[in-house]
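Written below as structure tokens is the structure these notes are about.
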Amino acid sequence: MSEYLIRGAALLGDAPTDLLLAGGTIAAVGTAAAREASGDARVVDADGLVALPGLVDLHTHLREPGREDTETVASGTRAAAAGGFTAVHAMANTQPVADTAGVVEQVWHLGREAGWADVRPVGAVTVGLAGTQLAELGAMATSRAGVRVFSDDGHCVADPVLMRRALEYVKAFDGVIAQHAQEPRLTEGAQMNEGVVSAELGLTGWPAVAEEAIIARDVLLAEHVGSRLHVCHVSTAGSVEIIRWAKSRGIDVTAEVTPHHLLLTDDLARTYDPRYKVNPPLRTAEDVAALREALADGTIDIVATDHAPHAVEDKDCEWGAAAFGMTGLETALPVVLETMVATGAMTLADVAQVLSVRPARIGRVGDHGRPLAAGEPASITLVDPAARVEVDPTRQATASGNTPFRGRTLPGRVMATFLRGRATVLDGHPVDPARGGEHA
Ligand SMILES: NC(=O)N[C@@H](CC(=O)O)C(=O)O
Ligand SMILES: [Zn+2]
Ligand SMILES: [Zn+2]
């Protein structure tokens, strides 16, 4: 395995220093790095670059098995690496659904073979995501995939009795239920946020209360059974208030916000461009402000991408017929830099918390989200925060083009990503692990 001597990287934005990556770990930091480097260590000039722990996504749709035309484990994790991620949680709404030990082990295995990032499969809560019968949670937890996060994402676990049982059940193996909070009856036929814009456009609205009612119920259930709850893609100011209240009571709840909900609003529906159609829907500017504030003050713990690739035919059509979802792995860090760091709401050290340290902790991914210190696994990313890049889906690694940021210029370019000391991105380009370090 190659050794890398990284010269002059600003660790979490601090003063520049050197890092030696050897044997899969950070072998040395500071002046010791050059001293301990062997003669054939590859030197990486990190002048002007910031080093962050490898990013960890708690919410990625990889689409394999079943929709390999839109993304595979390989293409999705290559996109992850390009975005600075070293671990992703693969959502369970595949075909077949990841509701058995067999399917989660298959996804885990595909991730290992591809080698771009660690793939932690999410197990379905209910069989077939049908919301009627608990899936084999224990078998998925004890499988080689070691599932800790369970979710019916795409669907809400709407039945309170099933939700209670799931919360109780996962306690035995320190699991967490990640809820897609959407009251189904309140969102039948919904196409976008319910508000001024939906009224003007005549599109069926998706009220904030459909999200908030489920979150309120679930934090109370989590308190009642003493279990751990995670709330997916929080999108409204009211949801933030409920989570703030729950945390103040000591309820064990964590929450995520997506990059798109930190930047975009429901005004974009006026374009009728389905790239802006997503679940939960883009909300108002007031919601965006509340989400940013909540992320900065820790009420919302993390940023998760909800990377949701879709086929051209499911997005290049009229709004009503289009699929919900946006890609996000390659734009997550730039959007967080734009919305949270450039605005002064967060530091780069905070970014490491919300995009690496805390998602690793919530997902119980032991060897990611670690300090940038000697002896730690060498899973890191090097970012040029000063670079401004125009988002161009034709130049992305994901197999799908449904980014809502197309044509926008955003700060931050990932120049290198290392997974346990092996480069997956170098000089700003993916390096194919299967081809022993050639540019892919
Ligand atoms: N976010 C989306 O709009 N779509 C997701 C499902 C989901 O995250 O709920 C998908 O799988 O396409
Ligand atoms: Zn969802
Ligand atoms: Zn999702």
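Nothing in this text is a laboratory measurement; each read-out follows from the coordinates by a stated rule. This is a predicted model, so every value here is computed, not measured. As a convention, Cβ positions derive from the backbone with ideal geometry for all residues, glycine included, and neighbour counts pool all protein chains shown.
If r is the Cβ-Cβ distance from Val196 to Asp69 and R0 is 51 Å, what FRET efficiency results, to the nearest 0.05? The pair Val196/Asp69 has a calculated efficiency of 0.85.
Full extension of the segment from Arg112 to Asp14, taken as 0.36 nm per residue of separation minus the current Cα-Cα distance, would add 32.0 nm. Placing dummy labels 7 Å off each Cα toward the beta-carbon, the span from Thr394 to Gln95 is 2.9 nm.
Stokes-Einstein diffusion for the chain, with the hydrodynamic radius set to the Kirkwood value over Cα pairs and evaluated at 10 °C in a medium of 1.306 mPa s, equals 73 µm²/s.
With loop membership from DSSP and a limit of 13 other Cβ atoms within 10 Å, the longest segment of the chain without GluC sites (Glu not before Pro) is 1-187. Here the Karplus relation 6.51 cos²θ - 1.76 cosθ + 1.60, evaluated at θ = phi - 60°, turns the backbone of region 174-191 into coupling constants of 6, x, 9, 9, 9, 8, 8, 7, 8, 5, x, 5, 7, 10, 4, x, 5, 10 Hz, with x for every Gly and Pro. Over the chain, DSSP H runs of length four or greater, each weighted -39,500 (n - 2.57), average out per residue to a 222 nm ellipticity of -7500 deg cm²/dmol. When trypsin sites (Lys or Arg not before Pro) are flagged only if DSSP places them in a loop and at most 14 other Cβ atoms lie within 10 Å, the longest unflagged stretch of the chain comes out as 250-440. Computing FRET efficiency as 1/(1 + (r/R0)^6) for Ala386 and Thr142, where r is the C-beta to C-beta distance and R0 is 45 Å, gives about 0.45. A cut-off of 5 Å between modelled amide H atoms, ignoring neighbours fewer than 5 places along the same chain, links Thr424 with Thr417, Phe418, Leu419.
Site pair Ala285 and Ala342 shows an inter-label distance of 1.7 nm when each label is modelled 7 Å from Cα along Cα→Cβ. Report, in degrees rounded to the nearest 10, the 0 to 90 angle that the Cα long axis of helix 237-248 makes with the longest principal axis of the chain. So the helix axis and the longest Cα principal axis differ by about 70 degrees. Using only Cα atoms, find the angle between the long axis of helix 285-297 and the longest principal axis of the chain, and express it within 0 to 90 degrees, rounded to the nearest 10. It works out to around 50 degrees. Antiparallel beta bridges, as assigned by DSSP with both residues in region 1-56, represent about 60 percent of the total such bridges. Counted residue by residue at 0.36 nm each, then reduced by the alpha carbon distance between them, the extension gain from Phe173 to Ser38 reaches 44.3 nm.
Set against the 2.2 N^0.38 Å expectation for a compact globular protein, region 142-198 has a Cα radius of gyration ratio of 1.48. For Thr258, nonlocal amide neighbours, meaning residues 5 or more places apart or on other chains whose placed amide H falls under 5 Å from its own, are Val234, Ala304. The length gained by stretching the chain between Glu188 and Ala374 to full extension, at 0.36 nm per residue less their Cα-Cα distance, is 61.7 nm. The angle separating the long axis of helix 160-170 from the principal Cα axis of greatest extent in the chain is about 30 degrees.
Between Val127 and Asp297, the modelled labels are 4.5 nm apart [label points 7 Å from Cα along Cα→Cβ]. Spatial offset of region 282-348 relative to region 71-112 amounts to 21 Å, using the alpha carbon center of each.
When the alpha carbon gyration tensor of region 30-114 is reduced to an equivalent ellipsoid, its three semi-axes come out at 35, 13, 11 angstrom, largest first.
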